[in-house]
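See below for the structure under consideration.
Rule-based calculations on the coordinates, nothing more; no lab input. The structure presented is a predicted model; accordingly, all values stated were derived computationally and were not measured. A quick note on method: Cβ atoms are made from the backbone with ideal geometry, for glycine too, and the neighbour counts reach across all protein chains shown.
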Amino acid sequence: MLIPFGELLATRGAGTAVGAFTCYDLEAAGAVLGAAATAGAGVILLIGARSHALRDGGLLLAGLLAAADRAEARACVQLDHCADLAVIESVLSAGAGAVMADGSALAYEDNVAFVRRAVEAARRHDAAVEAELGGIMGDEDVDEAAAAGALTDPEQAVDLVARTGADCLAVSIGNVHGAYREPPRLDWERLSAIAAGVSAPLALHGASGLPEPTVRRSIELGVAKVNVNTELRRAYLEATERRLPDVLAGARLDALHRAQAEAVGAVVETRLAAFGGRSE
């Protein structure tokens, strides 16, 4: 069933985080929702801005919303990493429960202004906005991110949320999108300082390469939402490669889709357990 973004985060159990999983098709979405129902957990279905920009991106969004609405699990659909206000407005009008207004590449004051406008748009649709402060890089070393000034500044985090009304803040504490070249070393002191000052829930992106103890510690220190993408794509594609020779002869597309969904579901089950399992 569809649940507002803020409600999903607010009603999570103590010491848990809500899992947010990127879905590129309905096979993956069904697997996420099925695993969530089994775990008794609420989840967020993410649609990437690039996926939405494809020819049938609007249909994928509509499909995710329909799947979430009919699901046993409590779920919200969120547009992820979008830097275009027109797209944000369009997705909100189509029924998305939340958007990730990504102004992290902008100068600080421009990021504040961008997020504020996204929040104004979201309020017109009873939806929520996640902001990002600091650059969450892809396939980059933590030290490189720190040297580039890409980690979230705790004082700016407090200021941005206060001035924009953002409902959630994605933090950069050494986490990256995609694979980690080196074992991740997250800045726990920085996360603690951000959590102590920011009134909004915090989101951790790039969880695919993080071991469970690291994820658990981030949740203990204040993370309320954890994003997973790369791990799901790898499971999906590995299942496709493994099953394709068997299904080609009979053109058994249903069997291939079942294998893909099972692989994604297994990852989601493991991750939901790491995030704390059942929501209230």
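Summary of values
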quantity: Part-to-part distance (alpha-carbon centres) for the stretch 191-237 and the stretch 245-265, which is given in Å; calculated: 31 Å
quantity: Inter-probe distance in nm under a simple model that places probes 7 Å from Cα toward Cβ, at Ala251 and His125; calculated: 3.9 nm
quantity: Cβ-based net charge around Cys168, under 14 Å, with every Lys or Arg adding one and every Asp or Glu removing one; calculated: -4
quantity: Distance between the stretch 1-36 and the stretch 38-57 - C-alpha centres, whole angstrom; calculated: 10 Å
quantity: Most to least packed among 48-56, 63-71 [average Cβ atoms within 10 Å]; calculated: 63-71, 48-56
quantity: Length-normalised contact order of the stretch 5-274 in % [C-alpha pairs under 8 Å, at least 6 apart]; calculated: 19 percent
quantity: Rounded if a/c under 1.5, otherwise prolate or oblate - the chain, Cα gyration tensor axes; calculated: prolate
quantity: Value at 222 nm in deg cm²/dmol, rounded to 500, when DSSP H runs of n ≥ 4 in the chain each add -39,500 (n - 2.57); calculated: -15500 deg cm²/dmol
quantity: Most fluctuating residue given options Val115, Val158, Val176, as computed from a GNM of the chain linking Cα atoms under 10 Å; calculated: Val158
